[in-house]
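I have placed the structure first, in the form of structure tokens, so that the comments after it can refer back to it.
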Amino acid sequence: MTRICGIVFVALGAMGTLAAQEHSYTPADIEDGSRVFQSTCAGCHGQNGDGVAGIDLSRGQFRRGTSDTEIIKIIQTGIPGTTMPPHNLTDTQAGAVVAYLRNMATIRRGASPDVLRGVGDAARGKALFEGKGQCATCHRVNGKGPRLAPDLSEVGATRPLPELFQALLDPDANIRAGNRFFRAVTKDGATITGRLLNQDSFSVQLIDANERLVSLAKANLREYGFVKSSPMPSVRDKLSVQEVDDLVGYLVTLKGAA
Amino acid sequence: MIHAAASFRGPARRSIARALYALTLVLIASGSGVIQAQVTFERLLRADQEPQNWLTYSGNLSGQRYSPLTQITPGNVKNLELQWVFQSRRPAEPAEKFEATPLVVDGIMYTVLAPNHVVALDAATGRMFWLFSPRISQLARVCCGRVNRGLAILGDTLFMGTIDGHLIAIDAKTGRPIWDVAVAKPESGYSFTLAPLIVKDKVIVGPSGGEYGIRGFIAAFDAATGKEAWRFNTIPGPGEPGHETWTDKEATAWKTGGGPAWVTGTYDPALNLVYWGTGNPGPDWNGDPRPGDNLYTDSVLAINPDTGALKWHYQFTPHDEFDYDSTQVPVLADITWQGRPTKVMLWANRNGLWYVLDRTTGDFLSGKPFTKVNWMDGFDEKGRPKRVINPTTEGSLVYPNNQGATNWYPPSFSPRTGLFYIPTWADTYSTYTKGPAEYKEGNQYVGRFPTMAFPALATGPGSINQRLPEEGYGAIQAFDPQTGQRKWEFKMADVTDSGVLSTASDLVFAGGREGYFFALDARTGEQLWKANVGGQVAAGPMSYSVNGKQYVAIAAGSALFVYALR
């Protein structure tokens, strides 16, 4: 698959930068775009923009166009030979959709620019990530670090800011589907715990603490089920408020390979 | 639109026809051939007398998806093995799910590859006789996948509806089009995804397009000419009965009122009635522009197939705001109801309830939830549900979710076990948030999409499931219509878009999104056999035999898999 270098961008209101855009979007543009997206696009693309296999609009990367103008045209004319139909939207409406798509990761789930504050110093945050915070003990970034915990290489592009704070301070509050841990006990009495990669009616697939990909037949298990709490410890009592802000300041810079 | 049977023109076609003729002679000479006769309507009426064939979408006109074949049994089903696979000729587009149920007529299988490629195959080997690929208009738009669920046959003619609103008659021997009628405008959101239904000399279809503000209909066409014989508007216009259930002041909502009819109906020859389900009103998730019950959306209609006249109707979900299409196969069964032999209709609805209706009168006999339901709380004496939840601007949590507790996936009824088998999305929910809806021709006219834990469409390669059990699961459930009791449930970790087949040897076949195809004991639900088909099952299984060997076929991913005993 050809990887097209697109624009990956998260609106960071407090940092006041919209540098990667062709246009400056107002919060009203983005809100308008959100409404049009929900009524027109979400049926196929899903609420989170990832409803069509292989396409995740929330990442701001588009296969068939990079500029706003190109994406507006695709929305209006559709893509012949695919399931993407033409849409009878004005330039303003389609432009608002693009504004929303560019900011989707940040805006969705109710986050709005006014909550995007408290982001600290990225360099200090990186030092905390690799040192005192002990984040790098479990998490992997840009090819370095262990694989059991979620890879954070793109966390700044895929998570709204409030979710980053929440994940650090209250990690049990919202465990995303791909980050759930699973525990299985075999009929031989061996216990296997790992991050659940997949499950079906007859089997489960995990990555375990030794980074082994393990597939288990349920028929061979004595008991199995999800681990309710996250293995991630809260940093609430470990880091100061400023240190948490700095850590988040680093995480929002992690947007994957350009 | 131009339709062409590519590669089958002129001399090439004649030489292939000669080759087929020679091949037929060789087969008959070798003793492995099958007598091939025209498919009269009498044969469709008596499909149970030729269990080797599968002549209609549901196997019989009662919609039971029940095979009288008995070679494969609970005792030997573990010995099923793959006989052949037919791959789509090219990788399917993400939304081109393989939803078709094949027909089998005297050793020849006919099926449709998404979106509208028709093939004729040797049912014993999977080798292809011909391919017909009509050119589909770029104006075609479908809400939920470029799909087709199958064909109908009468005489030597196959019938297919297309996603750009055409109905095409195709020569079953050659794959060449006989006639092609543009029935409805694709640019307005009309499409055909269902298998047509043959009743007497007519071909009956209904459109998809409930998300585009269409005005739905059920229409019959002369099988010989394609000429429209009658049309019943599922959204009645001024002066027509039912129009009074559209009460907006502007008196315009009916024009974009939806009511598609995108799943094949059934037929009772003794009553001479066709039964057909209708879909959601438009806009889907904001009912404010269309006050009233919105007949005949989310209803079953009993129609005289000779005239198109409505005999009776029952509306499952009045003034629907949850997209609870009643586009399911009406399953006709003759059972004992409260001590008396009764002609009933069994209906597992997207709204989470399964119903028993008197199919002679349309009377409501019973309605019970088959999964968690919170949008209604019981029925009044006439069988009208008591609605307790509406969408709000803040969001309303509703069970079942927007895809429904079931959907178009065909259920099954076994006259032997007396059980009704329902493919189920269990305990799923959506948050419905009322949003603005503005009609523009060809655009989606819906309100605001609800949220769901499950993707509405499972497309593309593989399937990853990391959901918690309380976020919902899939199941095949068996209910006894006489008692209303659930007999068993076979749970799956993921939901299922599979239909169900039951057989006269008390087996039930089904699959799911996980990519398994399996056999269950029809009386207990015990799993007896499974195969990994490597892609989601989003089609109804069927069974047939050739030269005394029973086969079971299922479409999964972008391929058709056929099994028989080793």
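Summary of values
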| item | result |
| --- | --- |
| Test for B:GLY145: is it of a type in the set (Gly, Ala, Ser) and within 14 Å of chain A (Cβ to nearest Cβ) | yes |
| Candidates B:ALA519, B:ALA539, B:ALA531, filtered to the one that is small (Gly, Ala, Ser), farther than 21 Å from B:THR111 by Cα, surrounded by 24 or more Cβ atoms within 10 Å (Cβ to Cβ) and at pLDDT 95 or above | B:ALA519 |
| First in the stretch B:210-221 and within 14 Å of another protein chain (Cβ to nearest Cβ) and small (Gly, Ala, Ser), second anywhere and surrounded by 24 or more Cβ atoms within 10 Å (Cβ to Cβ) and outside any loop (DSSP other than H, G, I, E, B), Cβ under 9 Å, 6 or more apart | B:GLY210/B:GLY258; B:GLY210/B:PRO281; B:GLY213/B:GLY258 |
| In the stretch B:232-255, the residues that are exposed (fewer than 15 other Cβ atoms within 10 Å of the Cβ) and either assigned to a loop (DSSP other than H, G, I, E, B) or small (Gly, Ala, Ser) (or both) | B:GLY237, B:PRO238, B:GLY239, B:GLU240, B:PRO241, B:THR247, B:ASP248, B:LYS249, B:GLU250, B:ALA251, B:THR252 |
| B:LYS491 within 11 Å of chain A (Cβ to nearest Cβ) and among the basic types (Lys, Arg) | yes |
| Count of the stretch A:43-61 residues which are out of contact with any Asp or Glu (no Cβ under 8 Å at 6 or more places or on another chain) and either under 26 Å from B:SER137 (Cβ atoms) or at pLDDT 80 or above (or both) | 7 |
| Condition check for B:GLY535: within 14 Å of chain A (Cβ to nearest Cβ), under 19 Å from the mean Cα position of the chain (by Cα) and not hydrophobic (A, V, I, L, M, F, W, C) | no |
| Residue in the stretch A:219-228 that is within 13 Å of chain B (Cβ to nearest Cβ), in a loop (DSSP other than H, G, I, E, B) and either surrounded by fewer than 15 Cβ atoms within 10 Å (Cβ to Cβ) or in contact with a helix residue (DSSP H, G or I) (Cβ under 9 Å, 6 or more places away or on another chain) (or both) present | yes |
| Answer residue from the stretch B:380-416, given it is hydrophobic (A, V, I, L, M, F, W, C) and surrounded by 16 or more Cβ atoms within 10 Å (Cβ to Cβ) and is nearest to B:LEU346 (Cα to Cα) among those | B:PHE413 |
| Helices (runs of 4 or more DSSP H) wholly inside the stretch A:46-107 that include at least 1 residues being within 26 Å of B:PRO186 (Cα to Cα) | A:68-77, A:91-102 |
| Odd one out for B:PHE159 among (1) at pLDDT below 95; (2) surrounded by 24 or more Cβ atoms within 10 Å (Cβ to Cβ); (3) among the aromatic types (Phe, Trp, Tyr) | (1) |
| Failed condition for A:ARG222, given (1) of a type outside the set (Ser, Thr, Tyr); (2) at pLDDT 90 or above; (3) assigned by TED's automatic domain parsing to the domain that holds A:LEU164 | (3) |
| In the stretch B:256-311, the residues that are assigned to a loop (DSSP other than H, G, I, E, B), closer than 22 Å to B:VAL398 by Cβ, within 18 Å of the chain's Cα centre (by Cα) and of a type in the set (Gly, Ala, Ser) | B:GLY259, B:GLY279 |
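The values are calculated or read from the model by the stated rules, or taken from the named source; none is laboratory data. Since the model is a prediction, treat every value here as computed from it, not as a measurement. All Cβ positions, glycine included, derive from the backbone under ideal geometry; neighbour counts span all protein chains shown.
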